[in-house]
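Working notes, structure below.
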Amino acid sequence: MKTIIIGAPRSGTNMLRDVLCEFEGVATWPCDEINYIWRHGNVRYPSDEIPAELATPEVQSYIRKRFDWVAGHYRAHTVVEKTCANSLRVPFVDRVVPEAKYIFIYRDGLDATGSAKLRWKAKLDIPYLLEKVRFVPLTDLPYYGINYLWSHVHRLFSHENRLAFWGPALDDMSAILEQHTLNEVCALQWQRCVEKAEAAFGEMADDRVVRVCYEDFVQAPERELTRVLDFLGIQVPEDEVKAAVAGVSSRSVGKGRASLGDDETASLESLVGETLKHYGYDN
């Protein structure tokens, strides 16, 4: 079974993937994300909002073989995949893996913004990079190498001390970066991710997607994980569920929002407030 976790950056996607992979027969790639694999065949497409029609038979075959590799290498009955940029292209993903089930995890957008801004300013992490490089298609390595180098050089000269790019690339990313502050960019990334994902799931059968509120999961992890496992049809003893979520904590709830301050919070609420309200984060 193929299970795709969809969520905006800093919304608990890593946590959820890692918890699920605690169980026997459930596996993923030994790296953070595989956006390089998803973009193979469309490496020069200007954003991560890749339309479904670009999931050509060749692209589908390449990506599906990567899923097969994980299943075979780890002897897994369930392969869990998490790439935040997939939030922007669910129809594309679904054309590649039409049999997949989806877990849509969402979080307070301002909490996610406060956390994401730190990643935009992150220093070079060699071990993290090497984990991901293993899964970059060889023909795409030169393209990504040049772009990665440019991103970190940009950070040296940026007045906001930020990378040239980080996270899901929106269709109008260049204009957004020119016209908005870094906090606003993070908020708009969150908004576009959840809105495009929600729109796509609205066209999908109910039995193919389960929605998970990050705050609910970290407050009641055993209950929420059991709900996800039931959706996936995975039977696990209660003691294993308890062990899998032993490291889940609610300490991060509210931290990102608090780091922004009252004035910035009010400003961002005016920018993405309608989306926050839709998910119950308007107070």
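Within the range 29-55, residues that are more than 20 Å from A76 (Cα to Cα) and in contact (Cβ under 8 Å) with a residue 12 or more places away in the chain have Cβ atoms under 6 Å from residues that are of a type outside the set (A, V, I, L, M, F, W, C) and in a helix (DSSP H, G or I) in these pairs: H40/Y62; V43/D140; V43/Y143; A52/P91; A52/R95; A55/R95, counting only partners at least 6 apart in sequence or on another chain. Does G261 count as on the phi > 0 side of the Ramachandran plot and either touching a residue at least 60 places away in the same chain (Cβ under 8 Å) or under 20 Å from the mean Cα position of the chain (by Cα) (or both)? No. Among the residues of the range 95-104, is any in contact with a strand residue (DSSP E or B) (Cβ under 9 Å, 6 or more places away or on another chain), among the acidic types (D, E), in a loop (DSSP other than H, G, I, E, B) and surrounded by fewer than 24 Cβ atoms within 10 Å (Cβ to Cβ)? Yes, because at least one residue in the range 95-104 is in contact with a strand residue (DSSP E or B) (Cβ under 9 Å, 6 or more places away or on another chain), among the acidic types (D, E), in a loop (DSSP other than H, G, I, E, B) and surrounded by fewer than 24 Cβ atoms within 10 Å (Cβ to Cβ).
Applying the condition of being part of a loop (DSSP other than H, G, I, E, B) and among the hydrophobic types (A, V, I, L, M, F, W, C) to the range 19-39 and asking which residue is farthest from P237 (Cα to Cα) yields I34.
Write out, first by first residue and then by second, each pair whose Cβ atoms fall under 6 Å of each other, whose residues are 6+ apart or on separate chains, and whose first residue, in the range 195-220, is within 18 Å of G280 (Cα to Cα) while the second is assigned to a loop (DSSP other than H, G, I, E, B). Sorted first by the residue in the range 195-220, then by its partner, the pairs are Y214/S11; Y214/G12; Y214/R107; E215/V253; V218/V248; V218/S250; Q219/S250. Does at least one position in the range 250-269 carry a residue that is exposed (fewer than 14 other Cβ atoms within 10 Å of the Cβ), closer than 14 Å to L20 by Cβ and of a type outside the set (A, V, I, L, M, F, W, C)? No, the range 250-269 contains no residue that is exposed (fewer than 14 other Cβ atoms within 10 Å of the Cβ), closer than 14 Å to L20 by Cβ and of a type outside the set (A, V, I, L, M, F, W, C). The residues listed here are L271, L276; of these, the one that is over 25 Å from N14 (Cα atoms), part of a helix (DSSP H, G or I) and in contact (Cβ under 8 Å) with a residue 40 or more places away in the chain is L271. The residue that is farthest from I105 (Cα to Cα), among those in the range 259-283 that are charged (D, E, K, R) and at pLDDT 95 or above, is D263. Of all residue pairs spaced 6 or more apart or on separate chains, those with beta-carbon atoms under 7 Å, a first member in the range 117-138 that is more than 24 Å from V185 (Cα to Cα) and a second member that is at pLDDT below 70 are V136/Y144.
Looking at the structure I just gave you, is G145 at pLDDT 95 or above and surrounded by fewer than 20 Cβ atoms within 10 Å (Cβ to Cβ)? It is false that G145 is at pLDDT 95 or above and surrounded by fewer than 20 Cβ atoms within 10 Å (Cβ to Cβ).
Of the residues making up the range 244-264, those that are aliphatic (A, V, I, L, M) and more than 26 Å from R223 (Cα to Cα) number 2.
The values are calculated or read from the model by the stated rules, or taken from the named source; none is laboratory data. Quick caveat, the model's predicted, so the values are computed rather than measured. Note that each Cβ is placed from the backbone with ideal geometry, even for glycine, and that neighbours are counted across all protein chains shown.
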